[in-house]
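J.: Take a look at the following structure, please.
The values are calculated or read from the model by the stated rules, or taken from the named source; none is laboratory data. Given the structure is predicted, the values throughout are model-derived calculations rather than measurements. Cβ coordinates were reconstructed from backbone atoms using ideal geometry, including for glycine residues, and neighbour counts include every protein chain displayed.
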């Protein structure tokens, strides 16, 4: 089974803070990590390989430093990793990114399953996966929380939904986006890390793939960021001043009665 | 459009380096240099004290005739013939956009036996309804719904489409945008019209809620966006309103649908309650052990509310992911939100900041949750909540 996992290197947004004086993001010291949901996708791919055999390839698009993220995926146990990197890809929105990744996937030839994280934690758009599936004309299932069975024709998965779960049978080849609850990503072993360090990570430029250049980068991005600003803080409210928990609770309930909540 | 630094004018002050949300500006030979990570957001343009940074307009090869696209559409998502609330919230907001643009507002209804919803869709503000019905739509499928919505877009050419950022909406939106070849802004929390261009200004949180970005789709149509549930209010229904129903025949063949829904496993109603609830009581790490969550449930119970959880609690396995409130969980907008033992990380706040009233209970007086709370109690949740439950019961018994 040929499995490709699309991953993104992201700043760890849980470590990002706003500088209160300049109202800008403090990026210094914020580590770059493999998007956490993408790690779940890598783990899902490795488990599929363990069960059904085959090969797991990691694909990413980004600047050359993204190789670090790819190395981590190799250390987890992936067989190969490829980086799409070129100035022509710079400034891509989700649609342009999906065109670049789809071009990379086409170059890889036969792929049975493409796995993506449900969204990246820096943009939280959840769009690139479905857009890749669209460009490749294949089936998609989003928010996958469990992979039940796979054969040559169909895959059976569970999909998270507002009300619970759906059990879905999808025709192969398929693109799945996975949620966190699907698995617990493994840690790279020392041996795995050493092996990963020795592996070549090929870099594909725009000339290495077949793609319409007008569909890439800023030129191929229908959406444009007009303005970036820090969210407004809500006005600070009233603290219940009391010596004991009981007194505080009484005060709060009094307020809730006043504003007709109780 | 690309953003460029004019090296002749750059004085090397590095103001732009810190202002760039994407870390895309580096200093080289004492001058600012914009790297590949640039998204052309323009944050640096505003901070440059000497005006050395400017936007370059790039020619795009877009064949769309934008003037052909008119009207605002709201995709009214339904499950088993029941419309989700977010559809009505968007009709209310879409009405404002349509009025500001001087264009009509249409509801899009796709489903099996959904014509009984048309009355409500008109009552909530639509001038027109595009109705597509058939057995093939009895459950959501990416293929059937994408074919149909794309067909409607190509035939009737709307300028704007609003969709709920639900699991199905976030499945359908990008697939349709990819097929049509247009821009989609995900998970918006605010909408407006950009005064300079007359385009829809889509505002959304990014970087885990740390910053907000306003996004435009200048050259492609329709301008599409998904909007988080519970961010906008519904209008009161006006049942005297009627309008034109455009019935469209489905072009979907059963063989087009490559997925099959085998089973639906419902996880109680708790999670559905969360998005529709007027009162939510959420618990966080401050509860220190999973058994303590019973207190949260009891408080929710006496208040007639639903139970939510922070990411920490879900990650620790105390509660299933369906209960998670926050940037990567659910967005809620109840009348009252109780944050019990939740520190208030920005990722959590992103999922509940549209609540009318926030009540925070936390041991740490410095917890960021108090900055956004209307009412706060500094104290151990294990002591405060039982006292609260007691007091509420007393008031209820007296009333």
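J.: What residue, of A:60, A:92, is in contact (Cβ under 8 Å) with a residue 40 or more places away in the chain, within 15 Å of residue B:22 (Cα to Cα) and touching a helix residue (DSSP H, G or I) at 6+ places or on another chain (Cβ under 9 Å)?
T.: Testing whether each residue is in contact (Cβ under 8 Å) with a residue 40 or more places away in the chain, within 15 Å of residue B:22 (Cα to Cα) and touching a helix residue (DSSP H, G or I) at 6+ places or on another chain (Cβ under 9 Å) leaves just A:92.
J.: Something else about it: Residue B:385 fails exactly one of the following numbered conditions: (1) within 11 Å of chain A (Cβ to nearest Cβ); (2) modelled with pLDDT under 95; (3) in a helix (DSSP H, G or I). What is the number of that condition?
T.: (2)
J.: Also, I was wondering about something else. What is the number of the single condition among (1) out of contact with any strand residue (DSSP E or B) (no Cβ under 7 Å at 6 or more places or on another chain); (2) in contact (Cβ under 8 Å) with a residue 60 or more places away in the chain that residue B:99 does not meet?
T.: Result: residue B:99 passes all but (2).
J.: Among the residues in region B:367-378, are any within 7 Å of chain A (Cβ to nearest Cβ) and part of a loop (DSSP other than H, G, I, E, B)?
T.: yes
J.: Follow-up. Do the conditions hold for residue B:339, that is, is it buried (at least 20 other Cβ atoms within 10 Å of the Cβ), under 20 Å from residue B:288 (Cα atoms), in contact with a helix residue (DSSP H, G or I) (Cβ under 9 Å, 6 or more places away or on another chain) and more than 10 Å from every other protein chain (Cβ to nearest Cβ)?
T.: Considered against the rule, which asks whether it is buried (at least 20 other Cβ atoms within 10 Å of the Cβ), under 20 Å from residue B:288 (Cα atoms), in contact with a helix residue (DSSP H, G or I) (Cβ under 9 Å, 6 or more places away or on another chain) and more than 10 Å from every other protein chain (Cβ to nearest Cβ), residue B:339 comes out as yes.
J.: Same structure, new question: Going by the conditions given, is residue B:395 in contact with a helix residue (DSSP H, G or I) (Cβ under 8 Å, 6 or more places away or on another chain) and more than 9 Å from chain A (Cβ to nearest Cβ)?
T.: On the way: in contact with a helix residue (DSSP H, G or I) (Cβ under 8 Å, 6 or more places away or on another chain): yes; more than 9 Å from chain A (Cβ to nearest Cβ): no.
Taking the combined requirement at face value, the residue does not satisfy it.
J.: Go through region B:201-219 and give me each residue that's out of contact with any helix residue (DSSP H, G or I) (no Cβ under 8 Å at 6 or more places or on another chain) and more than 19 Å from residue B:353 (Cβ to Cβ).
T.: B:201, B:215, B:216, B:217, B:218 - these are the residues of region B:201-219 that are out of contact with any helix residue (DSSP H, G or I) (no Cβ under 8 Å at 6 or more places or on another chain) and more than 19 Å from residue B:353 (Cβ to Cβ).
J.: Next question, about the same structure. For region A:82-98, enumerate the residues that are buried (at least 23 other Cβ atoms within 10 Å of the Cβ) and in a helix (DSSP H, G or I).
T.: Within region A:82-98, A:89, A:94, A:95, A:96, A:97, A:98 meet the criteria.
J.: Right, next: Would you say residue A:196 is within 22 Å of the chain's Cα centre (by Cα), assigned to a helix (DSSP H, G or I) and either within 11 Å of another protein chain (Cβ to nearest Cβ) or on the phi < 0 side of the Ramachandran plot (or both)?
T.: Against the criterion (within 22 Å of the chain's Cα centre (by Cα), assigned to a helix (DSSP H, G or I) and either within 11 Å of another protein chain (Cβ to nearest Cβ) or on the phi < 0 side of the Ramachandran plot (or both)), residue A:196 qualifies.
J.: Kindly list the number of the only condition in (1) buried (at least 22 other Cβ atoms within 10 Å of the Cβ); (2) in a loop (DSSP other than H, G, I, E, B) that fails for residue B:322.
T.: Of (1) buried (at least 22 other Cβ atoms within 10 Å of the Cβ); (2) in a loop (DSSP other than H, G, I, E, B), only one is false for residue B:322: (2).
J.: Pick from A:157, A:257, A:253: which is at the interface with chain B (Cβ under 7 Å from one of its Cβ atoms) and either assigned to a loop (DSSP other than H, G, I, E, B) or surrounded by 19 or more Cβ atoms within 10 Å (Cβ to Cβ) (or both)?
T.: Numbers: A:157 fails: at the interface with chain B (Cβ under 7 Å from one of its Cβ atoms); A:257 fails: either assigned to a loop (DSSP other than H, G, I, E, B) or surrounded by 19 or more Cβ atoms within 10 Å (Cβ to Cβ) (or both).
After ruling out the rest, the residue left standing is A:253.
J.: Please list, ordered by residue number, the strands (runs of 3 or more DSSP E) wholly in region B:1-90 having 1 or more residues that are touching a strand residue (DSSP E or B) at 6+ places or on another chain (Cβ under 9 Å), within 13 Å of chain A (Cβ to nearest Cβ) and more than 30 Å from residue B:228 (Cα to Cα).
T.: Strands (runs of 3 or more DSSP E) meeting the threshold: B:2-5, B:25-28, B:31-34, B:53-56.
J.: Check whether at least one residue in region B:268-286 is more than 24 Å from residue B:356 (Cβ to Cβ) and assigned to a loop (DSSP other than H, G, I, E, B), and report yes or no.
T.: Here is the first cut: in region B:268-286, the residues more than 24 Å from residue B:356 (Cβ to Cβ) are B:268, B:285.
Still in the list and also assigned to a loop (DSSP other than H, G, I, E, B): B:268.
Checking region B:268-286: at least one residue is more than 24 Å from residue B:356 (Cβ to Cβ) and assigned to a loop (DSSP other than H, G, I, E, B).
J.: Okay, next question. What number goes with the only condition from (1) at pLDDT below 95; (2) surrounded by fewer than 21 Cβ atoms within 10 Å (Cβ to Cβ) that residue B:70 does not pass?
T.: Residue B:70 satisfies every listed condition except (1).
J.: Residues being at the interface with chain B (Cβ under 7 Å from one of its Cβ atoms) and at pLDDT 75 or above: count how many of those fall in region A:1-35.
T.: Looking only at region A:1-35, we keep the residues that are at the interface with chain B (Cβ under 7 Å from one of its Cβ atoms), and these are A:13-14, A:16, A:18, A:22, A:24-25, A:27.
Subsequent filtering for residues that are at pLDDT 75 or above retains A:13-14, A:16.
Looking only at that region, the number is 3.
J.: Being in a strand (DSSP E or B) and facing another protein chain (nearest Cβ under 10 Å) is the filter here, so list the residues in region B:165-189 that pass it.
T.: To start, the set of residues in region B:165-189 that are in a strand (DSSP E or B) comprises B:184-188.
Matches in region B:165-189: B:184, B:185, B:186, B:187.
J.: If we keep just the residues of region B:346-364 that are without any contact (Cβ under 8 Å) to a residue 24 or more places away in the chain and within 8 Å of chain A (Cβ to nearest Cβ), which is surrounded by the fewest Cβ atoms within 10 Å (Cβ to Cβ)? Even if it seems obvious, please write down each step before you answer.
T.: Just the residues of region B:346-364 that are without any contact (Cβ under 8 Å) to a residue 24 or more places away in the chain, to begin with: B:353, B:356-360, B:364.
Going one step further and asking which of them are within 8 Å of chain A (Cβ to nearest Cβ), we end up with B:353, B:357-359.
On the way: B:353: 22, B:357: 18, B:358: 23, B:359: 25.
Of everything passing the filter in region B:346-364, B:357 is surrounded by the fewest Cβ atoms within 10 Å (Cβ to Cβ).
J.: Looking at region B:292-302, is at least one residue under 27 Å from the mean Cα position of the chain (by Cα), at pLDDT below 95 and in a loop (DSSP other than H, G, I, E, B)?
T.: no
J.: I've got another one for you. Residues A:196, A:120: which one is in contact (Cβ under 8 Å) with a residue 40 or more places away in the chain and either in contact with a helix residue (DSSP H, G or I) (Cβ under 7 Å, 6 or more places away or on another chain) or not assigned by the TED database to the domain that holds residue A:74 (or both)?
T.: It is A:196.
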